[in-house]
Amino acid sequence: MRALVTGAATGIGRATARRLAQDGYEIGVHYRSHRAEAEALVEEIRGTGGTAFAVRADLTSRAEVLRLARTVLDRWETLDVLVHNAGSYPRAMAPELDPDAFEAPFRLHVFAPAELTRRLRPALERANPGRVVFVSSILAFTGSRHGAHYASAKSAQLGLARSLATELAPRIRVNLVAPGAIDTAIIADQTPEERKRREATVPLGRVGRPEEVADAIAFLVSDRSSYLTGTTIHVNGGVRMD
Ligand SMILES: NC(=O)c1ccc[n+]([C@@H]2O[C@H](COP(=O)([O-])OP(=O)(O)OC[C@H]3O[C@@H](n4cnc5c(N)ncnc54)[C@H](OP(=O)(O)O)[C@@H]3O)[C@@H](O)[C@H]2O)c1
């Protein structure tokens, strides 16, 4: 079994790549700037008897998305799992946002996964069913206080994922995980006070761990979720209940 995880050098992507490698998948470790971390992860997986390779691409560039797809197809005729995890959350208040500021988030969270899924579709269909998981966000459902461009792109991504779930069935299942606050670089700019305040709003009393999101993804790509498509698992400690 083979899985490509985007943004796999750090955070939720790394935890997911590790988890899927433990579950027996060969892993395509996609990264952009964290080359050393990506190579270390590949070595770690190989060290435990697994198979992995690293591949670089800036997913805001269509040419690089196409190159990534070609690299995967050159190696693998069949792709069992595609995890659209790569993302970034630049903070800015809506009144400061020039319309151009929406372009990069839409390229990263919508255009890239749309194009990557389109190019990898034949390989995913060979897995029958192929499984695609989008790493969404609680902010796709609530909006953001300081990232209208990010929240809009994540909401558009939800529409994309649900449309793909409808159109690509039954040969490909498409689902989402929507994390709340998870302990990765994306929330590392918080002061200890901000973190405490945030944790006080979480019924489970803490931010989540990347491994807890990876567990939900591992479930969504397994046969244990064989009748799920187009659905979202919310991994947020009870902050927002659906
Ligand atoms: N942590 C949270 O609280 C939280 C909450 C809700 C949703 N999420 C979502 O979870 C996903 C993973 O984020 P994370 O929390 O694990 O943060 P992270 O550690 O910063 O991981 C994000 C990954 O995305 C990659 N990436 C960013 N921009 C890219 C680009 N232009 N092209 C290619 N790759 C790019 C980064 O690659 P390089 O570092 O190698 O450049 C990085 O490995 C994201 O989609 C994020 O929106 C996170």
Exercise. Between a first residue in the stretch 1-14 that is modelled with pLDDT of 95 or more and a second residue that is assigned to a loop (DSSP other than H, G, I, E, B) and acidic (Asp, Glu), which pairs have beta carbons less than 7 Å apart while being 6 or more apart in sequence or on different chains?
Worked result: Met1/Asp80; Arg2/Asp80; Ala3/Asp80
For this session: Determine, yes or no, whether Gly205 is in a helix (DSSP H, G or I) and surrounded by fewer than 20 Cβ atoms within 10 Å (Cβ to Cβ).
Result: no
For this session: Select from the stretch 65-113 the residues that are in contact with a strand residue (DSSP E or B) (Cβ under 8 Å, 6 or more places away or on another chain) and of a type in the set (D, E, K, R) and write down the one among them that is nearest to Ala216 (Cα to Cα).
Result: Asp80
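Mind checking whether some residue in the stretch 106-126 is modelled with pLDDT under 95 and surrounded by fewer than 15 Cβ atoms within 10 Å (Cβ to Cβ)?
Keep residues of the stretch 106-126 that are modelled with pLDDT under 95, which gives none.
No, the stretch 106-126 contains no residue that is modelled with pLDDT under 95 and surrounded by fewer than 15 Cβ atoms within 10 Å (Cβ to Cβ).
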Exercise. Has the stretch 42-64 got at least one residue that is within 11 Å of the ligand (Cβ to nearest atom), within 24 Å of Pro210 (Cα to Cα), small (Gly, Ala, Ser) and not in a loop (DSSP other than H, G, I, E, B)?
Worked result: yes
Exercise. Can you tell me which residues in the stretch 45-69 are over 18 Å from the mean Cα position of the chain (by Cα) and free of Cβ contacts under 8 Å to residues at least 12 places away in the same chain?
Worked result: Arg46, Gly47, Gly49, Ala63, Arg67
Exercise. Within the stretch 157-187, can you find the residues that are within 11 Å of the ligand (Cβ to nearest atom), surrounded by 22 or more Cβ atoms within 10 Å (Cβ to Cβ) and either among the aliphatic types (A, V, I, L, M) or without any contact (Cβ under 8 Å) to a residue 12 or more places away in the chain (or both)?
Worked result: Leu176, Val177, Ala178, Ile182
Problem set entry | Filter result (under 19 Å from Glu26 (Cβ atoms) and within 15 Å of the ligand (Cβ to nearest atom)) within the stretch 109-136 | Leu116, Val132, Val133
Problem set entry | Residues satisfying the stated conditions in the stretch 26-41, i.e. within 23 Å of Leu120 (Cα to Cα) and crowded, with 24+ Cβ neighbours inside 10 Å | Ile27, Gly28, Val29, His30, Tyr31, Ala38
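Collect the residues in the stretch 185-226 that are in contact with a Lys or Arg (Cβ under 9 Å, 6 or more places away or on another chain) and not hydrophobic (A, V, I, L, M, F, W, C), keeping them in residue-number order. Can you show your working first?
The first filter runs over the stretch 185-226 and keeps only residues in contact with a Lys or Arg (Cβ under 9 Å, 6 or more places away or on another chain), leaving 187, 189-190, 199, 207, 210-211, 214-215, 217-218, 220-222, 225-226.
Those that are in contact with a Lys or Arg (Cβ under 9 Å, 6 or more places away or on another chain) and not hydrophobic (A, V, I, L, M, F, W, C): Asp189, Gln190, Glu199, Pro210, Glu211, Asp215, Ser222, Ser225, Ser226.
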Problem set entry | Matching option when the condition is charged (D, E, K, R), over 21 Å from Arg14 (Cβ atoms) and within 16 Å of the chain's Cα centre (by Cα), among Arg119, Arg91, Arg107 | Arg107
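Given the residues Val213, Val174, Val239, which is the only one that is at pLDDT 95 or above and part of a strand (DSSP E or B)?
Val174
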Exercise. For the stretch 95-105, what are the residues that are away from the ligand (no atom under 15 Å from the Cβ) and surrounded by 15 or more Cβ atoms within 10 Å (Cβ to Cβ)?
Worked result: Leu97
Exercise. If you take the residues in the stretch 1-41 that are outside any helix (DSSP H, G or I) and among the aliphatic types (A, V, I, L, M), which one is farthest from the ligand (Cβ to nearest atom)?
Worked result: Met1
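The values are calculated or read from the model by the stated rules, or taken from the named source; none is laboratory data. All of these numbers come straight from a predicted model, not from anything done at the bench. So basically every Cβ, Gly included, is an ideal-geometry build from the backbone, and we count neighbours across all protein chains shown.
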